[in-house]
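Reading through the C-alpha cells given below for one structure.
The values are calculated or read from the model by the stated rules, or taken from the named source; none is laboratory data. Quick caveat, the model's predicted, so the values are computed rather than measured. Heads up, the Cβs are rebuilt from the backbone with ideal geometry, glycines too, and the neighbour counts pull from every protein chain shown.
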Amino acid sequence: MQNISTYDFTGKKAIVRVDFNVPQDAELRITDDTRIRAAIPTLKKVLEKGGSLIIMSHLGRPKGPSDKLSLRHIIYRVEELLGAKVQFCDDCMKASAQAAALKPGEVLLLENLRFYAEEEGKPRGLAEDATDEVKKAAKAEVKEKQKEFVKTLASYADCYINDAFGTAHRAHASTALIAKYFPEDKMFGYVMEGEIKAIDKVLGNPVRPLTAILGGSKVSSKIGIIEHLLGLVDNMIIGGGMVYTFKKAQGGKIGTSLCEDDQLQLALDILKKAEEKGVKMYLSDEVVAADAFDNNANTIVCPSNAIPDGWEGMDAAPGSIEKFKEVILSSKTILWNGPVGVFEMPSFAKGTNAIAELLKTATEQGAFTLVGGGDSVAAVTQMGYADKVSYVSTGGGAMLEYLEGIELPGIKAIRE
Ligand code: AMP
C-alpha cells in the first residue's frame, strides 16, 4: 500500500474512485456539492505531482444506462472546483483510447459505473417469481462478467486511489475488486485517510474517558454497534426511541412510546453486559412526552418509566440533558450517532440540539469529538456546528459498519 502524500505520480495515470453521488434538482443542477468538494484535494494532488486522472463514480441507483443519472450533468461543477478541463467518456468500458491519450495534468471522467450490473456484481431484471436456480445462475453470470469489467477499468491506469468512503462498505468492482491489479500502486485518497484516522482515534487507542452517545429509533438496528462499543467505551449514553424498549424491559410504563417488544430480552442482556464490562450506562430518564406524534401536540415532562397512557416519549428532557452534560464534559473522546429525540419536529429537537451544543463545548475544551450517521450530522450542520466538532463523517452506512467492528471491503482491499 502506498501513501498519496509521498507517491510519485510523475507521468502516471491514476484511476480514482470518488463519491460523486450528489443530490440534484429537477433540472439536474447539483443542490449540494459537498461530496465533489471533498474529493478535490486528492484529485489536485495527482495533477500537481505530474499525473493524469481517470475519475470514476456512481450516481444514484440506475438499472441500466439513463440520461437522468449520467455523470455528464455534473462535469460543470467538477471543472469549476478542480480548475481544469474535464473530458468525458460516455461508456466506462470504452475508455481505452481516451485514457491512453491522457497527458500529465489532463482529466477524464468515466460515465456512471452502475450503468453496468457488473459494478455491483448483482443480476438485474430478474422476474419476481424467478426460481432460486435461475437467480443463482444469473448471479454466477454477472460475477463472471464482472472479472472482465474490473480488468478493463484497471487497464486504463498505472495506479489506483480509493477516495469513496461512502461506498467503502461495498465489495464492488471499483471500490474493492480493482485494487488487486495494483499490488504496489494502490492507496487511499485524503477523504478515506481522514475518515480512517478519525474513527481510529475513537476505536483504536482513544484518550479516555471514551463516551458513545447513541440515539435513533430502534435498538434492533443499532445492536451490532452497541455490542461492539460495549467492549471499548467507558460510558454509553442512550437516547431517542431506543430508550423505551429498555425502560419497558425493566418493568417501566412507557405509554404509547416506540417499543420493540421482540427486543426486550436483548435490552436486558445489553444492560447486563454493560455492567459486567464496567461500562456506565446513561439512558434518558426524564423525557418530554406528547399526546400525539405531532409538532403541535400537548406535552408533559415525565420519567421515561412512568409515561401516562396515551402519551409517547418524544425527546430527552432537561433533567436527562443535565446528566448527559456531566458525562460529556468530563470525557476526552466522544462519538455521537443518532438523535436523542424526534428532531425533525422543532418542538422535539431541543434534546438533540443540546447534545450538539455540548459536543461543541467539549471540543473547545480539548476533547476529540466524532459525529457520524445522517441524522446526527444533519443536527450539527443545522446548528452551524459542523466545523466546531473534531470530525464529521461523510459516510452513513460505511461509518455504521465500521462502528460495528466490520472490516470494510474498500479499506481491506487497499491494506492487504
Ligand atoms: P435511526 O434511523 O434509527 O438512526 O433513527 C433516526 C430517527 O429516530 C429520527 O428520524 C428520529 O425522529 C427518530 N427518533 C428519535 N427519537 C424518537 C422517539 N422518541 N420516538 C420516535 N422516533 C424517534
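Residues that are under 30 Å from E119 (Cβ atoms) number at least 3 in the following helices (runs of 4 or more DSSP H) confined to segment 150-258: 190-203, 219-230. Flag not set for I300, criterion: within 16 Å of the ligand (Cβ to nearest atom) and part of a helix (DSSP H, G or I). Considering every residue within segment 26-35, establish whether at least one is on the phi < 0 side of the Ramachandran plot, hydrophobic (A, V, I, L, M, F, W, C), assigned by TED's automatic domain parsing to the domain that holds E111 and out of contact with any Leu (no Cβ under 6 Å at 6 or more places or on another chain). Yes - at least one qualifying residue is present in segment 26-35.
G319 meets each of the listed conditions (1) within 12 Å of the ligand (Cβ to nearest atom); (2) of a type outside the set (V, I, T); (3) in a helix (DSSP H, G or I) apart from (1).
Across segment 237-285, the qualifying residues are those that are among the hydrophobic types (A, V, I, L, M, F, W, C) and within 13 Å of the ligand (Cβ to nearest atom), and the one among them that is farthest from the chain's Cα centre (by Cα) is I254. Can you go through K122, K143 and tell me which one is in contact with a Gly (Cβ under 7 Å, 6 or more places away or on another chain) and of a type in the set (K, R)? That would be K143, the only listed residue that is in contact with a Gly (Cβ under 7 Å, 6 or more places away or on another chain) and of a type in the set (K, R).
Within segment 259-287, how many residues are within 19 Å of G351 (Cβ to Cβ) and assigned to a loop (DSSP other than H, G, I, E, B)? So that I can check it myself, show each step before the final result.
Let us first name the residues in segment 259-287 that are within 19 Å of G351 (Cβ to Cβ), namely 259, 281-287.
If we keep only those that are assigned to a loop (DSSP other than H, G, I, E, B) too, we end up with 259, 284-285.
Residues meeting the conditions: 3.
Considering only segment 220-236, state which residues are among the β-branched types (V, I, T), within 13 Å of the ligand (Cβ to nearest atom) and in contact with a strand residue (DSSP E or B) (Cβ under 9 Å, 6 or more places away or on another chain). Listed by number, the residues that qualify are I225, I226.
Against the list (1) of a type outside the set (F, W, Y); (2) without any contact (Cβ under 8 Å) to a residue 40 or more places away in the chain; (3) in contact with a strand residue (DSSP E or B) (Cβ under 9 Å, 6 or more places away or on another chain), the condition T361 fails is (3).
So, in segment 322-345, how many residues would count as being within 11 Å of the ligand (Cβ to nearest atom) and not in a loop (DSSP other than H, G, I, E, B)? Quick ask: steps written out before the conclusion?
Going residue by residue through segment 322-345, those that are within 11 Å of the ligand (Cβ to nearest atom) are 337-345.
Subsequent filtering for residues that are not in a loop (DSSP other than H, G, I, E, B) retains 337.
Total meeting the criteria: 1.
State whether one or more residues within segment 343-351 are under 14 Å from M236 (Cβ atoms) and at pLDDT 95 or above. Scanning segment 343-351, I find no residue that is under 14 Å from M236 (Cβ atoms) and at pLDDT 95 or above, so the answer is no. Quick check on my filter: what residues within segment 352-375 are in contact with a Pro (Cβ under 8 Å, 6 or more places away or on another chain) and near the ligand (Cβ under 9 Å from one of its atoms)? Once the filter is applied, which keeps residues that are in contact with a Pro (Cβ under 8 Å, 6 or more places away or on another chain) and near the ligand (Cβ under 9 Å from one of its atoms), segment 352-375 yields T352, D375. When restricted to residues that are crowded, with 24+ Cβ neighbours inside 10 Å and either over 28 Å from the mean Cα position of the chain (by Cα) or of a type in the set (V, I, T) (or both), segment 299-316 contains 1.
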